[in-house]
1. I'd like the distance separating the alpha-carbon centroids of the stretch 42-65 and the stretch 1-16, in whole Å.
2. In whole Hz, what ³J(HN,Hα) sequence does the stretch 61-71 give by Karplus (6.51, -1.76, 1.60; θ = phi - 60°), x for Gly and Pro?
3. Report the label-to-label distance for Arg56 and Asp10 in nanometres (one decimal), using points 7 Å from each Cα along the Cα→Cβ vector.
4. Going highest first, how would you order 51-57, 10-16 by mean Cβ packing within 10 Å?
5. Place +1 on the Cβ of every Lys and Arg and -1 on the Cβ of every Asp and Glu in the chain, take the dipole about the Cα centre, and give the residue among Ala36, Ala72, Ile26 whose Cα lies farthest towards its positive end.
6. Taking H placed 1.01 Å from N in the peptide plane, check which residues at least 5 places from Ile32 or on another chain put their amide H under 5 Å from its amide H.
7. What percent do you get for the relative contact order of the chain when only Cα pairs under 8 Å and 6+ apart count?
8. Given the DSSP H assignment, sum -39500 (n - 2.57) over each helix run of at least 4 residues in the chain and divide by its residue total; what's the result at 222 nm in deg cm²/dmol, nearest 500?
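Bear in mind that the values in this text are calculations on the coordinates, not laboratory data. As the structure is a computational prediction, the values presented were derived from the model and not from experiment. Here Cβ is always computed from backbone atoms with ideal geometry, including for glycine, and neighbour counts include all displayed protein chains.
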Amino acid sequence: YNEGRLKTDDGGALFMQYIEQFGASIEDCVVIDDSAEVCSTFARLGGMPLHATAGRTTDAILDGLLLSLAQAR
């Protein structure tokens, strides 16, 4: 919103801008979004999209991620 462009513009260039800014690798990044188009764009870049829906809320997705991280320790 504050960037003045969509996450899907230019093939997801906004994602890559932030990934590079923070010195991350796209393969280590996750995005949670309610847009299938945004999730597809992020997947094409090589990241892991998690699609939030009415039946799979952001809270539920985050709970699952935290559980997975805790079990990995």
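1. When both Cα centres are located, 18 Å separates them.
2. In residue order, the calculated couplings are 5, 5, 4, x, 5, 4, 5, 4, 5, 5, 6 Hz.
3. Placing both labels 7 Å along Cα→Cβ, they lie 3.0 nm apart.
4. Answer by packing, highest mean first, reads 10-16, 51-57.
5. Farthest towards the positive pole: Ala72.
6. Leu50
7. Reported relative contact order: 23 percent.
8. Using -39500 (n - 2.57) per qualifying helix, the result is -14000 deg cm²/dmol.
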